[in-house]
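Here is the structure we will look at, set down as structure tokens.
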Amino acid sequence: MQNVKCLNLEDGVPEIFARFRSVLRSVLPIMADTAKIEQELLGIRQLLWGNDIKLDIFKRWSQGFYFSQNERSALEQLEGGPCSIIAPVQAFILKRLLEEHGNLSFRDCITDEKQNQILINALCDILRQCSDRKYYLVYLDSKLNCSGNNSNVNGASDTELTSMIDPNKFHEFLRIQALSTLTEVERYYTENVASLRNQFGILLFLYSVISTKGLEVVKLESDTTEPLIDETYGYGSQSLINLMITGKAVTYVWDHEQDVGGLKLKGLDQQSQIGFITSMEHLRYLTVGSFYKNPVHPIWVLGSETHLTVLFSEERKLVSPETKSEEARRVFKNYDKDGNNFISTESLQAVLQDLDLVSDPDYVDIMRRKLDSENLGIILLNAFMDEFFPKEESSTPDMFQLVHYNGLAHSNINGQVQFHIGSAILLESDLKSICESNPMLTCLQTKWPNIEINWCNNVTPSLN
């Protein structure tokens, strides 16, 4: 019988294991990153929607960034809900256009290419406020796309997108692209602009904002267990609105921190690029701080009980630095919680301290007796200003133009999204006219207490 040499398996075992370990080293990080991404997306879903996603609310949020056919620089909102994304994006679009043109002449030169450019620029501005290190863009990756026909740049065909209304299916196809610079972000969005303007563009950008900001950071800043999207009505929370406008997901709209019942409640920590005012302040549900009322650019997101719109002006002097007298009025009103144009005599020392004026107890007592000669326990705003700032100057012009945007077509004249222009005048009197039937006026009076405004065609635009 022929001798057969036996194969010694042990000779090859070390080499096999070495190759196996090499494969594991390359595969395990990918598996770990995939698991981390899936966990991140699951956390974002929970943060936004809570435990269950209502289909009707999800459908209302399932729209892209659609521009109006009538007002080509204006975004159109199909249904109630996503205004907490659309209005801030519109505000940043207007910021870019006003920086470039300085006035409303941009309305005549908005091409399709220009729409893409201003949209991408606005989204990059918002992402810039959320991070200066790395950017995480969320997109849809559909395995169903085999033929490539009628597909968008992220692989999901228009037919698939239309049918992909089920929230679970939507989240199943979410992926994350990590980019290092805003230049890369701009390039990515330019190459994939269809994904922004298709059905889920708003949700994809919202997920990108939270992923870029950091899930845990958003949770820490918002300091609440409630979902960012209301589970019953589908409206965005104030934390979500603040995140979109300022890059900070704080819950409150006042300046810095306020001590409420021993709790330190955080508001804005610096002047914002875009402002925010709301009719809810007139109803005394909240107090909007100076950082929001006096932004860098003359653009404000306006809040009502149920909707967000945008107000803007080409008048840069509306956001010029405060004069000393304007600062004094603002500080005085911080202690005039009810807006009655007076404070208690006990608050005088605190007001003087905040304004860096003489606040020695003996001096304060003298001024109390002078400003409250009838011993009523109150000090009137006019008396205070006449005493400490007799030559009052204002940086705000007496007359200026305001423009209003509402993204809901049915809330506009003739059912078409368009800008509404008004001529504003600031009256000399400190007594404002209270008109509860005019929510627009009462909202604007939280910023300019003595404002009167005449809208074109005598039609007041809607906040809702």
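The values are calculated or read from the model by the stated rules, or taken from the named source; none is laboratory data. Predicted, not measured: the structure shown is a model, and the values here were computed from it. Note that each Cβ is placed from the backbone with ideal geometry, even for glycine, and that neighbours are counted across all protein chains shown.
Remarks
- With respect to (1) within 20 Å of E40 (Cα to Cα); (2) modelled with pLDDT of 95 or more; (3) over 16 Å from the mean Cα position of the chain (by Cα), the lone exception for T225 is condition (2).
- Look at region 125-140: where a residue is under 13 Å from V217 (Cβ atoms) and assigned by TED's automatic domain parsing to the domain that holds F200 and a partner is surrounded by 23 or more Cβ atoms within 10 Å (Cβ to Cβ) and among the aliphatic types (A, V, I, L, M), sitting 6+ places away or on another chain with Cβ atoms under 7 Å, you get C130/V209.
- Remark: F173 matches the filter, which requires a residue to be hydrophobic (A, V, I, L, M, F, W, C), modelled with pLDDT under 95 and farther than 28 Å from N294 by Cα.
- Scanning region 327-342 turns up no residue that is outside any helix (DSSP H, G or I) and at pLDDT 95 or above.
- Sole residue being of a type in the set (D, E, K, R) and within 21 Å of I93 (Cα to Cα), chosen from E281, E314: E314
- Residue check, S313 small (G, A, S) and either in the same structural domain as G81 (by TED's automatic domain parsing) or within 30 Å of I421 (Cα to Cα) (or both): yes
- Region 170-202, residues that are surrounded by fewer than 15 Cβ atoms within 10 Å (Cβ to Cβ) and among the β-branched types (V, I, T): T181, T183, T190
Residue-wise test of (1) touching a helix residue (DSSP H, G or I) at 6+ places or on another chain (Cβ under 6 Å); (2) in contact (Cβ under 8 Å) with a residue 40 or more places away in the chain; (3) of a type in the set (F, W, Y).
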residue	(1), (2), (3)
K169	no, no, no
I176	yes, yes, no
L182	yes, yes, no
Y189	yes, yes, yes
F200	no, yes, yes
T212	yes, yes, no
L215	yes, yes, no
E221	no, yes, no
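- For region 96-105, the criterion of being in the same structural domain as V185 (by TED's automatic domain parsing), in contact with a helix residue (DSSP H, G or I) (Cβ under 9 Å, 6 or more places away or on another chain) and crowded, with 22+ Cβ neighbours inside 10 Å is met by at least one residue.
- Test: T190 is of a type in the set (S, T, Y), assigned to a helix (DSSP H, G or I) and at pLDDT 95 or above: yes
- Identity of the residue in region 312-349, touching a strand residue (DSSP E or B) at 6+ places or on another chain (Cβ under 9 Å) and of a type in the set (A, V, I, L, M), that ends up farthest from N103 (Cα to Cα): L348
- Here T251, T232 are screened, and the one residue that is under 16 Å from the mean Cα position of the chain (by Cα), surrounded by fewer than 18 Cβ atoms within 10 Å (Cβ to Cβ) and assigned to a loop (DSSP other than H, G, I, E, B) is T251.
- Conditions (1) under 47 Å from the mean Cα position of the chain (by Cα); (2) modelled with pLDDT of 65 or more; (3) of a type in the set (V, I, T); number of the one not met by I16: (1)
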